[in-house]
Each structure stands twice: as C-alpha cells, then as structure tokens.
Amino acid sequence: MSSTAAPLSARSLSALEAPPGGGASGARDFAHYLARKLAAAVVSFAMLLVVGFVIFSLMPSDPVEALTRGHPTSAKQIAFLVKQLGLNQPVWERFGHFVVNTLEGHLGYSWQFETPVATLILQRLWPTLLLMGSSTIVSILIGMWLGIHSGWRPGKLLDRAATGTAITFWSVPTYWLGILLLVLFSTGFGVIPPLFPAGGMSTPGTVGGWAPAHILDVARHLVLPSLTLVLVVFAQYQMIMRSSMIDEMGNPYLLTARAKGLRDAEVRQKHAVPNALLPSVTLIFLQVGTMIGGAITVETVYSWPGLGYLTFQALQIPDLPLLEGTFIVFSASVIVFNLLADLAYRHLDPRVRRS
Amino acid sequence: MTAIDQASAALTAPPRLLALRRFARDFARRPSAMAGLAILVIVTVLALTAPLFIHASDLDVINAPGQPIAPPSARFPLGTDYAGRSILTLLVWGSRPSLAIAVISTALTMVFGSSIGLLAGHYGGITSRVLMAITDWFIALPTLPLAIGLAAALGQGDTSITIAIAVTSWPGTARLIRAQTLAVEARPFIERARALGARDGQLVLRQVLPNVSPFILVSATLTVAGAILTETTLAFLGLGNPTDVSWGSMINQAFFQGAVSAGAWWYILPPGIAIVIVALGFTLIGRAVENILNPRMAR
C-alpha cells in the first residue's frame with residue numbers, strides 16, 4: 001500500500017470508533033448524540049477560523065508590500081492601505097472583524113480579480129461539485145465491485161491483479177497522471193488520435209444552458225479530469241471493501257446461508273455484502289479531504305474552472321484573501337462531511353445505537 | 001531447553017544489540033525490504049555525489065547546450081527541456097531538493113509528533129484529551145489546502161514547503177506514538193522504575209522513548225514517502241524555489257512550457273517515474289519494518 005495508507009487508516013479508524021451511547025432509548029438518545037456531534041463540529045469550525053486567521057492574516061510579513069509590489073507607492077498611499085486593511089488595529093480587534101465577516105459570508109476582496117471572494121467561490125462551486133461528484137460515483141462503483149469480488153476470493157487472480165493495479169495508481173502523483181492522460185488522449189500519441197479536449201469545461205464560443213449539445217460538450221470535457229481522479233481514488237474504496245469482505249468471511253451466518261442451499265453469488269450479494277458495506281459507506285464521506293487535494297491539482301492540469309483551479313490562480317499572485325476563502329470553504333466542507341459520516345454510521349449500524 | 005538457551009544467550013549479549021541483530025536478519029529476509037533499501041541507497045548516493053559530475057553550467061538556462069524540447073539522442077539520452085538542458089542531468093540534480101526537503105520536514109515531524117504523542121500518552125487525563133483533540137482536528141483537515149495556504153503565506157521557497165509539510169504530517173505520528181506509549185507504560189518495568197523513584201522526565205526519556213523508537217522509525221519512513229509526494233505537488237503548483245531544479249518544478253516546467261502539446265514524453269515521464277520509485281522505496285521499507293515489529297499490524 002502507498003504512503004496515503006497511513007492517513008487513510010488513521011482517519012477511518014477515528015471515524016469508526018463507536019460513539020458511547022447512553023442507556024436511554026430512541027429519539028432523546030439521538031438528540032443527545034446529534035447535539036454532541038454538532039457541538040464538536042462548531043468547535044472544529046472555531047479552530048478553523050483561528051488557524052485561517054493566523055495563516056493568512058498574521059503570518060504574511062507585510063500584506064501592504066505584497067499588494068504594492070512593483071508599483072511606485074507614496075508613504076501616504078501606504079498609510080491609507082494600512083488603514084483600509086485594518087492593519088493598525090490590535091490583533092484581537094482584527095480577529096473579531098474577521099470572525100464576524102466570515103460568518104456573514106464576507107470573505108474579503110480578491111486582489112487579482114477585484115471581485116468579492118464569496119462571489120468568485122460561488123461561481124466556481126458548481127464545476128467542482130460536478131467533477132468531484134461524478135468521479136466519486138464512478139470510483140465507488142468500480143472500487144466496490146472490485147473490492148467485493150477480490151475480497152470474496154482473496155489471493156486469486158482477480159484479487160492480485162486488482163490490488164496491484166489499485167496500489168500502483170494510488171502511489172502515482174495525481175497531477176502527473178493527469179498530464180500523462182492529457183498527452184495520450186488529448187494531444188494524441190502514436191496511433192491514438194486526439195480524442196478529448198485539452199482543458200476547460202466547454203468549447204469556447206458555444207451556447208451554454210441546458211441544450212443537449214452543450215451538455216454533451218461538457219461531458220466530453222469532463223471525461224479526462226474525472227478519469228484521472230477516479231484512477232487515483234478508487235483504490236481506497238476497493239481496499240476498504242476488500243478487507244471488510246474478508247472480515248465477514250469467517251462469520252457463522254454465512255455458513256447458515258450456505259446450509260440453506262443458497263448459491264455462492266446469493267450468499268455473497270444478499271448476506272456478506274450488506275454487512276461489509278458499512279465501513280465503506282462512512283468512508284465515502286471521509287474521502288472528501290482527499291478528493292479536494294486531487295481536485296486542486298487535476299483542475300490545474302485541465303484548467304477546469306472550479307475551486308481547485310481558482311486556488312491555483314490565487315497562488316500565482318499570491319492572492320491571499322482568495323486563498324483564505326478557498327481554504328475556509330474546503331476545510332469547512334470537510335467538517336460538514338465528517339459530521340455526516342458520524343450520523344450516517346449511527347443510522348446504518350444499529351449496534352452503535354444500542355451499545 | 002530452548003528457553004534456557006535463549007535466557008543464557010540474553011545474558012551474554014546486551015538485549016538491545018541482540019534485538020537489533022534479529023531485526024537486521026528479519027529485514028534481510030524480505031525481498032521487498034531489500035528492494036526498497038537498494039532504491040534508497042542508489043538514489044542517495046546519486047544525490048550526494050551529483051556535484052562531482054554536474055556543474056552549474058549544465059543547469060544554466062541561458063547557455064544551455066541543446067535545442068529546446070529535443071527528443072532523446074546520443075548526446076542527451078533523455079532529451080532536453082524547454083531551455084535545451086539535458087533531462088538526465090536535471091533528473092539527477094532534481095533529487096537533491098526533493099530528498100532534502102522530505103528528510104528535513106520528516107525530522108521536524110518526528111520531533112514534534114513524537115513529543116506530542118509521548119506527552120499525551122504519559123500524562124493522560126486532560127493533557128491527553130486536549131492534545132488528542134488538536135491532533136484529530138489536524139488529521140481531519142484537508143492536507144493540500146492547508147499546505148498551500150502555509151506555503152503561500154510564508155512565501156515561495158524550500159523553507160516554506162518544509163514547514164508546510166511538517167505542519168500537515170505530524171498528527172499521524174502523534175497518534176501512533178501515543179498509542180505505543182500507552183502500551184509501553186502498561187508494562188511492569190515502568191512500575192518498577194517508578195517504585196525506584198524515577199521522575200516523569202526520566203521515565204519518558206530513559207524507559208519509554210527507547211521502547212517506542214522503532215515505531216518512530218516506521219512512522220519516519222512512511223512520512224518521508226508522503227513528504228516527497230507533497231513536496232513535488234507544491235513545487236508543481238509553483239511554490240518551489242524558482243532558481244533551483246527539483247522533480248516537482250521539472251513537471252511544472254514541462255507542463256507550462258509546452259511539453260504537452262509537443263507530446264514530449266521524454267520530458268514528462270522521467271521526473272514522475274523518479275517520484276514514484278523513491279516514494280515506493282520508502283514505503284516498502286516502512287511496511288517491512290512495520291511487519292517485523294508487529295506482524296498483526298500488517299493485515
């Protein structure tokens with residue numbers, strides 16, 4: 001397994017720890033659980049604001065210098081900028097303003113686009129959701145199928161081939177794989193004709209909206225970036241599904257199912273799979289962090305107009321308010337999805353509720 | 001009989017040396033571990049000796065010897081880059097910043113992560129709860145946006161990348177070392193040391209640390225592998241030292257200087273393959289050490 005195995009296992013373990021449930025029953029118990037998880041999420045978000053403020057507002061040595069780099073600036077203009085950026089206020093006051101502004105959805109102005117950061121993020125949100133959503137669905141389908149079949153017959157040809165492939169793709173840098181696919185299928189290489197467009201989300205000059213031609217065009221642009229993300233991500237679903245299938249194998253209920261005379265495929269699909277699904281379902285929510293990392297580099301390679309490409313564009317300046325905005329949105333979404341993972345796990349596994 | 005033999009053997013040699021010898025024997029028996037070690041020895045020797053056969057003029061963008069983006073030839077076995085420099089030379093030279101950053105950031109990670117893990121494991125109670133809450137928070141945070149933010153705020157360059165990697169990779173080590181500290185402290189010799197009057201500092205440094213250090217080694221090899229991937233990713237995104245050559249910056253230049261439209265596979269393939277091989281080398285060693293120390297962890 002590749003290096004990413006370590007954070008993966010740590011992350012999935014912490015999520016799968018059974019939350020200690022109370023003795024009381026039903027709805028009250030759930031309300032208690034929900035309140036505790038919500039409180040934890042709020043604390044996480046508060047910590048996120050502190051870290052975001054420290055990184056983007058305290059660490060850069062001189063934002064005014066960064067803003068005025070390459071422009072002749074008078075002392076008066078500098079004083080004006082210092083005042084406008086609030087740099088003459090005490091740190092606590094600046095942090096207070098930052099928290100209030102962030103909670104109200106004001107993420108500041110982008111230096112390079114000269115537009116509110118929140119507006120930019122909203123514009124770029126849908127392409128990223130489309131890319132991450134479609135590649136997550138495909139990765140789950142491929143990863144689960146391979147995991148189920150390789151875990152059911154561990155050590156056989158399919159298992160060894162699938163596991164080897166998964167680990168290989170897993171240890172490859174995402175952006176490099178993206179560039180390789182770009183050369184192979186977009187530039188055209190050897191006998192392979194240029195099949196797919198090199199970048200962007202649609203062919204320039206075409207009409208947008210919901211016209212079928214436009215949807216097809218977007219789909220054609222989506223193929224290569226999605227494929228790159230799928231190749232890097234499906235391994236995680238496969239490995240988790242495989243190991244939970246192997247865990248289920250020794251259980252006596254499978255022997256019972258066989259003794260009833262069910263065929264092997266029925267025992268697998270109707271008895272083993274539903275039980276093995278549990279850890280994988282939670283993993284889907286916990287993969288968001290990895291997907292975000294992949295999206296930043298893949299969107300950069302394919303100039304896909306999403307949040308990842310926006311982050312890359314912000315980096316080139318570096319446009320700190322914009323970077324801060326994307327950092328907060330990315331991290332906050334991970335907090336939300338971790339919360340969803342906790343709730344989904346409790347909903348799916350009755351043992352957690354009863355314990 | 002064998003038990004007595006082992007006991008007498010333990011009396012003749014110091015136990016830690018014996019354990020080390022047994023570890024080396026187990027390690028040498030694993031082909032994957034030896035393959036990983038071979039990869040690392042070759043790459044390290046190449047990286048360290050590079051200044052002996054590569055001169056600054058070979059890396060100069062202005063007076064490069066070849067045509068830009070030329071395919072492999074007798075003179076340039078791996079072709080040339082956008083400026084006409086030999087890709088083979090760049091590839092060897094590029095290992096230096098990539099390895100140096102990975103190793104230094106891993107050292108920082110180990111010092112910080114192990115300290116947190118030891119403190120949380122030894123003191124328990126509220127200290128442990130607070131430290132582990134912070135650790136879990138960092139584990140949950142998406143690594144790349146955090147690293148990008150840190151590196152951007154600190155400014156382009158090797159120091160920023162090193163700090164960014166250390167900040168994002170310590171939590172895994174802290175968790176592992178805390179768990180191992182708890183396991184070690186449950187053993188009787190700790191109670192004995194305490195009964196003999198050992199203070200907290202002595203206990204942690206003299207008794208616990210030597211016993212968890214093998215796990216710090218495992219964590220270090222796996223962290224280096226991850227650090228190389230993060231370093232090259234940040235360099236690809238343009239956060240690296242602009243005047244130096246690294247594997248990540250080679251891919252960055254290949255991508256942004258037209259290697260894709262030229263179909264210049266000789267420019268794109270080598271740095272990526274080098275990254276995969278070195279990351280694989282560290283991972284193989286880390287997994288092997290992990291298996292030897294704790295066969296149950298392997299599955």
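Since every read-out is calculated from the coordinates, none of them should be taken as a lab result. All values reported here derive from a predicted model rather than from experimental measurement. Every residue, glycine among them, receives a Cβ derived from its backbone with ideal geometry; neighbour counts consider all protein chains shown.
List of remarks:
- Between the range B:183-211 and the range B:98-161, the Cα center-to-center distance that results, in Å: 26
- With K and R counted +1 and D and E -1, the other residues having a Cβ less than 13 Å from that of B:Leu217 yield a net charge of 0.
- Within 10 Å of each Cβ in B:232-239, the average number of Cβ atoms from other chains: 4
- Spherically averaged projected area of the convex hull of Cα atoms, the protein assembly as shown: 39.1 nm².
- HN-Hα J in Hz across the range B:35-45 - Karplus 6.51, -1.76, 1.60, θ = phi - 60°, x for Gly and Pro: 4, x, 5, 4, 4, 5, 4, 4, 5, 5, 4
- Each stretch of four or more DSSP H residues adds -39500 (n - 2.57); spread over every residue of chain A, this sum gives -23000 deg cm²/dmol at 222 nm.
- Contact order relative to length of the range A:144-267, as percent, for alpha carbon pairs under 8 angstrom and 6 or more apart: 37
- Residue-count net charge about B:Arg29 - beta-carbon cut-off 14 Å; Lys, Arg +1, Asp, Glu -1: +3
- The range A:24-55 and the range B:241-268 have their alpha-carbon centroids 44 Å apart.
- Peptide B:260-270 is shielded by partner chain Cβ atoms: per residue, an average of 4 of them sit within 10 Å of its Cβ.
- Chain B, helix-only ellipticity at 222 nm - DSSP H runs n ≥ 4, -39,500 (n - 2.57), divided by all residues, nearest 500: -25000 deg cm²/dmol
- Calculated on alpha-carbon atoms, Rg and Dmax of chain B in Å: 23.1, 75
- Comparing B:Val224, B:Val260, B:Val278 in a Gaussian network model of chain B, where Cα atoms under 10 Å apart are tied by springs, the biggest mean-square fluctuation is seen for B:Val260.
- Debye intensity ratio in log₁₀ form over the Cα atoms of chain A, taken at each q of 0.07, 0.11, 0.12, 0.15 Å⁻¹: -0.41, -0.92, -1.05, -1.33
- Cα-derived Rg to Rh of the range A:123-221, Kirkwood definition: 1.06
- Charge sum, other residues only, whose C-beta stays under 15 Å from A:Ala257's C-beta, Lys/Arg counted +1 and Asp/Glu -1: +2
- Distance (nanometres) between label positions extended 7 Å along Cα→Cβ at B:Thr159 and B:Arg194: 4.4
- Shielding of A:293-303 by partner chains, average beta-carbon count, 10 Å: 3
- When the Cα positions of B:Gly125, B:Leu150, B:Gly94 are compared along the charge dipole of chain B, B:Gly125 comes out farthest toward the positive end, with charges on each C-beta of Lys, Arg, Asp and Glu.
- Euclidean distance between Cα centres, the range A:205-276 to the range A:289-317, Å: 26
- Taking chain A as a Gaussian network of alpha-carbon nodes connected by springs under 10 Å, the highest mean-square fluctuation of the residues A:Ile335, A:Ile179, A:Ile192 belongs to A:Ile192.
- Dipole magnitude for chain A: about 1100 debye, using +1 per Lys or Arg Cβ and -1 per Asp or Glu Cβ, origin at the Cα centre.
- Temperature 25 °C, viscosity 0.890 mPa s: under these conditions the Stokes-Einstein estimate for the range A:251-352, based on its Kirkwood radius over C-alpha pairs, is 147 µm² per second.
- Hydrodynamic radius (Kirkwood) for the range A:173-258, which is based on Cα pairs only, to one decimal in Å: 16.1
- Over chain B, Cα pairs under 8 Å with separation of 6+ residues give a relative contact order of 24 percent.
- Highest mean packing comes first when the peptides B:197-203, A:194-200 are listed by Cβ atoms within 10 Å, giving A:194-200, B:197-203.
- For chain A, the residue among A:Leu48, A:Tyr237, A:Leu307 whose Cα projects farthest onto the positive side of the dipole built from Cβ charges is A:Tyr237.
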